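Chemist: Sharing a structure here in structure tokens format.
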Amino acid sequence: MAGTVKKGARDAAIDMAPDEFRALGHKLVDRISDFMATMPAGKVTPGETPAQVRAALGSTKGLPEQGSDAGGLLDEASQFLFDHSLFIGHPRFMGFITSSPAPIGALADLLAASVNPNLGGWVLSPAATEIEAQTVRWIAELLGYPTDCGGLLVSGGNMANFTGFLAARRAKATWNVRADGATSPDGRKLLVYTSAETHTWVQKAADLFGLGTGAIRWIATDNRQRMDVGALRKAINEDLKKGDLPFLVVGTAGSVSTGAVDPLPELSAVCKEYGLWFHVDGAYGGFAAALPEELGCPPDLKGLSLADSVAIDPHKWLYAPLEAGCVLVRDREMLHDTFSFHPPYYYMQEHEEEPELNYHEYGPQNSRGFRALKVWLTLRQVGREGYVRLMADDIALTRQMFALVSQEAELEAVTGDLSIATFRYVPSDLERGTVETEEYLNKLNAALVERIHASGELFITNAIIDGKFLLRACIVNFRTSIEDVRTVPGIVLRLGREVDRELRGRVAAK
């Protein structure tokens, strides 16, 4: 009878005997290993439409009434994913800033899910909490940031930046912002200063946390897409004269479009002068602070160590599988002051001599998964020296790509910072410099990105700089080799000529 539990072992359909789990696990790991071995020789993506993927999934089917065999389900799911996915781990994936995942990180996720600690409270996750705390210290050490800072692992760059934003709001509001909201009792507005190159997380934060997007002051950039410090200072002074409350400056350590690094030391000096919170979005480029200058670290990147808070993403340049973001806050008590609440149903035993670390008091989540394990294990496997070499190789490969593109008459190389290069395809017979030509080149290169994706040979994205639609290649991929880089100009030229012929209705030369 449904709802009745009999004596003895419970017959739970969801459970799995140890021998069955072992057999299915071995088989799945074998399939994944075969996939990893053959993936580099295949396409980066099948280039399918949403309709094609939905049809293959059978997305119109209803929820099954009865359960199915676990082994068959794992076979079916793995085959579906292998047949219909874009492979971020492919050596010619040079698109969004998401890295090829470390194999030990994949195994770590299996181990973490099997133990399944809840890192909201120490009592629920004693070993996992201490591993996360050590991981945060190691990340700070790698960046050259104070290791006695506060910090925790979050889902990604948005959440890491949100956490720093909220700590800044709590620290710099001159009233009880937790109780009274984001506008001061006398009507003053909290204002944020950032460059036009900052990731869109800042708009989400201003919207979600009560300031409104009108509280963002977009500061102009120089010809290298870096924040103009003079323009920043002018904007702050103008807002102070109006009686508003500047509280936060966001510097970028590796912009999404081009990898540009703001003049962080100068921004820090401005923040100290005006008493503002200095936050650095280093989700992509922050880890490059571990490199010496001769291996690709921009001098300004070392200024990251001066920030009040920093956002970084281990699932970018530490090659951790998704999800793994991290936030560091110089004054750990500011995190506690921002997020700590004590409802009666959260009774956590405290030991005065050796206080427990309850992460629900230091960030926005209460229930938290064990994200730190994959980062911790990979840091131990690779070490500082190994990471320096991996990141330096990515930068060197990008510079070689930029040089190869520069050698082609029909390719225009535009920017090269950190491990991002931008360029565009320009047919040799076009008259340069006219409005009509620029409009056509934007249309051509936009269509070219779509054609490259459909081909499955390469995956790159785009950037728009000074109104120009550019192709953008980013390497945070330990599987990418010089051979892969050398294929890029040829693929772009071949497909660019093909798209150009179609758009202009020209007949291919015989």
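The values are calculated or read from the model by the stated rules, or taken from the named source; none is laboratory data. Keep in mind that what you see is a predicted model, and the values were worked out from it rather than measured. Every residue, glycine as well, gets a Cβ built from its backbone with ideal geometry; the counts of neighbours run over all protein chains shown. With ligands, DNA and RNA removed, areas are computed over all heavy atoms of the protein, side chains included. Shrake-Rupley method; radii C 1.70, N 1.55, O 1.52, S 1.80 Å.
Here is a yes/no grid of residues against (1) on the phi > 0 side of the Ramachandran plot; (2) open to solvent by 80 Å² or more (accessible area, probe 1.4 Å); (3) in contact with a His (Cβ under 6 Å, 6 or more places away or on another chain):
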{"position": "Gln52", "(1), (2), (3)": "no, yes, no"}
{"position": "Gly58", "(1), (2), (3)": "yes, no, no"}
{"position": "Leu63", "(1), (2), (3)": "no, yes, no"}
{"position": "Asp69", "(1), (2), (3)": "no, yes, no"}
{"position": "Gly72", "(1), (2), (3)": "no, no, no"}
{"position": "Ala77", "(1), (2), (3)": "no, no, no"}
{"position": "Leu86", "(1), (2), (3)": "no, no, no"}
{"position": "Met94", "(1), (2), (3)": "no, no, no"}
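Chemist: Within region 313-430, considering only helices (runs of 4 or more DSSP H) that don't extend past its boundaries, which have at least 3 residues that are more than 19 Å from Gly286 (Cα to Cα)?
Modeler: Working: elements: 314-317, 332-339, 372-406.
Of the helices (runs of 4 or more DSSP H) lying wholly inside region 313-430, those with at least 3 residues that are more than 19 Å from Gly286 (Cα to Cα) span 332-339, 372-406.
Chemist: So in region 464-484, with the set limited to residues that are assigned to a strand (DSSP E or B) and within 23 Å of Asp393 (Cα to Cα), which one is nearest to the chain's Cα centre (by Cα)? Working first, answer last.
Modeler: Step one: filter region 464-484 for residues assigned to a strand (DSSP E or B), giving 464-465, 468-474.
Checking the rest, the ones that are also within 23 Å of Asp393 (Cα to Cα) come to 471-474.
Values: Leu471: 20, Arg472: 16, Ala473: 16, Cys474: 13 Å.
Step by step, filter region 464-484, then rank; the result is Cys474.
Chemist: Separate question: I need the full set of residues from region 419-444 which are free of Cβ contacts under 8 Å to residues at least 40 places away in the same chain and open to solvent by less than 10 Å² (accessible area, probe 1.4 Å), in order please.
Modeler: Selection gives Val426, Leu441.
Chemist: Now a separate question. Within region 254-268, can you find the residues that are of a type in the set (A, V, I, L, M) and closer than 18 Å to Ile465 by Cα?
Modeler: Val256, Ala260, Val261, listed by residue number.
Chemist: Go through region 109-125 and count every residue that is open to solvent by less than 60 Å² (accessible area, probe 1.4 Å) and closer than 27 Å to Arg332 by Cα.
Modeler: Step one: list which residues in region 109-125 are open to solvent by less than 60 Å² (accessible area, probe 1.4 Å), which gives 109, 112, 117-121, 125.
Then keep just the ones that are closer than 27 Å to Arg332 by Cα; that gives 112, 117-121, 125.
Qualifying residue count for the region: 7.
Chemist: Something else about it: Working carefully through the options Gly467, Gly416, find the one that is surrounded by fewer than 18 Cβ atoms within 10 Å (Cβ to Cβ), within 24 Å of Asp262 (Cα to Cα) and not aromatic (Phe, Trp, Tyr).
Modeler: Details: Gly416 fails: surrounded by fewer than 18 Cβ atoms within 10 Å (Cβ to Cβ).
Of Gly467, Gly416, the one residue that is surrounded by fewer than 18 Cβ atoms within 10 Å (Cβ to Cβ), within 24 Å of Asp262 (Cα to Cα) and not aromatic (Phe, Trp, Tyr) is Gly467.
Chemist: I've got another one for you. Check off (1) in contact (Cβ under 8 Å) with a residue 60 or more places away in the chain; (2) in a helix (DSSP H, G or I); (3) open to solvent by less than 50 Å² (accessible area, probe 1.4 Å) for Ala106 and give me the number that stays unchecked.
Modeler: Condition (3) is where Ala106 drops out.
Chemist: For region 445-460, which positions are surrounded by 17 or more Cβ atoms within 10 Å (Cβ to Cβ) and in contact with a strand residue (DSSP E or B) (Cβ under 9 Å, 6 or more places away or on another chain)?
Modeler: Asn445, Leu448, Val449, Ile452, His453, Leu458, Phe459, Ile460
Chemist: Now, a different point. When you scan region 142-163, how many residues do you find that are part of a helix (DSSP H, G or I) and more than 19 Å from Arg371 (Cα to Cα)?
Modeler: So the answer is 1.
Chemist: How many residues does region 228-245 contain that are open to solvent by 10 Å² or more (accessible area, probe 1.4 Å), outside any loop (DSSP other than H, G, I, E, B) and out of contact with any Lys or Arg (no Cβ under 8 Å at 6 or more places or on another chain)? Spell out how you get there, then give the answer.
Modeler: If we filter region 228-245 for residues that are open to solvent by 10 Å² or more (accessible area, probe 1.4 Å), which is where we start, we get 228-231, 233-235, 237-238, 240-245.
When the remaining residues are screened for being outside any loop (DSSP other than H, G, I, E, B), the result is 229-231, 233-235, 237-238, 240-242, 245.
Adding the requirement that they be out of contact with any Lys or Arg (no Cβ under 8 Å at 6 or more places or on another chain) leaves 229-231, 233-234, 237-238, 240-242.
Qualifying residue count, region 228-245: 10.
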